[in-house]
1. Can you tell me how many residues in the range 94-125 are touching a Gly at 6+ places or on another chain (Cβ under 7 Å) and over 20 Å from Thr48 (Cα atoms)?
2. Within the range 9-39, which residues are hydroxyl-bearing (Ser, Thr, Tyr) and in a loop (DSSP other than H, G, I, E, B)?
3. Which one is farthest from the chain's Cα centre (by Cα), of the residues in the range 1-33 that are over 22 Å from Thr112 (Cα atoms), exposed (fewer than 10 other Cβ atoms within 10 Å of the Cβ) and hydroxyl-bearing (Ser, Thr, Tyr)?
4. Quick one: which of Ala118, Ala88, Ala83 is without any contact (Cβ under 8 Å) to a residue 24 or more places away in the chain, out of contact with any helix residue (DSSP H, G or I) (no Cβ under 6 Å at 6 or more places or on another chain) and among the aliphatic types (A, V, I, L, M)?
5. Determine, yes or no, whether Gly36 is open to solvent by 40 Å² or more (accessible area, probe 1.4 Å) and either touching a Gly at 6+ places or on another chain (Cβ under 9 Å) or modelled with pLDDT under 95 (or both).
6. Looking for whichever is of a type outside the set (S, T, N, Q), surrounded by 13 or more Cβ atoms within 10 Å (Cβ to Cβ) and within 17 Å of Gly37 (Cβ to Cβ) here; the options are Ala118, Ala68, Ala64, Ala123. Which one fits?
7. Can you pull out the strands (runs of 3 or more DSSP E) entirely within the range 47-141 that have at least 2 residues that are hydroxyl-bearing (Ser, Thr, Tyr)?
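The values are calculated or read from the model by the stated rules, or taken from the named source; none is laboratory data. In this text, all values refer to a predicted model and were calculated from it rather than measured experimentally. Glycine gets a Cβ as well: all are built from the backbone with ideal geometry, and neighbour counts include every protein chain shown. For the accessible areas, the whole protein counts, side chains as well, though only heavy atoms, and no ligand, DNA or RNA atoms are used. Shrake-Rupley method; radii C 1.70, N 1.55, O 1.52, S 1.80 Å.
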Amino acid sequence: GSSNATATSNAIIVSPIKIESSQNLNFGKIIGSATGGTVSIEASADATRTIDDDMNAPGSTPTAAIFAVTAEAGQLYSVDVEASTLKADGQTPMTLNPTTNLTETSISGNRTIYVGGALVVNANQVPDIYSGDVKVTVSYE
């Protein structure tokens, strides 16, 4: 004699997770000073800038970076934002410590992520145009 049994096999295909940038993080114009300091941009649509008066150059329009995440509803994912530097050829780089508008560590569904942060301006920072990347990584958990 023989006997057999069957089991059902299942697979659930979820939408791939995607992230796209629609706006850059802009600290605006900053006056270099003998002591240096920190310039902060709020991680929000308002992108409020906090800066010492002696470093504040008029005519700036600071902006937070904006990222749009498209992800499967109900599927948790994590967000990682890397610290980076802003550089100009031959100049001392400035450290960027990014922040986001997120309050939770695991997220699901579509989401808009604002990235601001604190830029550490060195003492006697040489006038130039400094730039760097804000890298945001999203991963299903």
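1. Keep residues of the range 94-125 that are touching a Gly at 6+ places or on another chain (Cβ under 7 Å), which gives 96-99, 108, 121-125.
Pick out the ones that are also over 20 Å from Thr48 (Cα atoms) and you get 108, 122-125.
Going through the range 94-125 one residue at a time, the tally reaches 5.
2. Quick first cut of the range 9-39, residues hydroxyl-bearing (Ser, Thr, Tyr) only: 9, 15, 21-22, 33, 35, 38.
Within the range 9-39, Ser9, Ser15, Ser33, Thr35 qualify.
3. Restricting attention to the range 1-33, the residues satisfying the condition of being over 22 Å from Thr112 (Cα atoms) are 1-13, 28-33.
Filter once more, keeping what is exposed (fewer than 10 other Cβ atoms within 10 Å of the Cβ): 1-13.
Restricting the remaining residues to those that are hydroxyl-bearing (Ser, Thr, Tyr) gives 2-3, 6, 8-9.
Working: Ser2: 62, Ser3: 59, Thr6: 49, Thr8: 43, Ser9: 40 Å.
It comes out as Ser2.
4. Ala83
5. Numbers: open to solvent by 40 Å² or more (accessible area, probe 1.4 Å): no; either touching a Gly at 6+ places or on another chain (Cβ under 9 Å) or modelled with pLDDT under 95 (or both): yes.
The answer is no for Gly36.
6. Working: Ala68 fails: within 17 Å of Gly37 (Cβ to Cβ); Ala64 fails: within 17 Å of Gly37 (Cβ to Cβ); Ala123 fails: surrounded by 13 or more Cβ atoms within 10 Å (Cβ to Cβ).
Just one listed residue meets the conditions, Ala118.
7. Numbers: elements: 65-70, 76-81, 84-86, 94-100, 111-121, 136-140.
Fully inside the range 47-141 and qualifying: 76-81, 84-86, 94-100, 111-121, 136-140.
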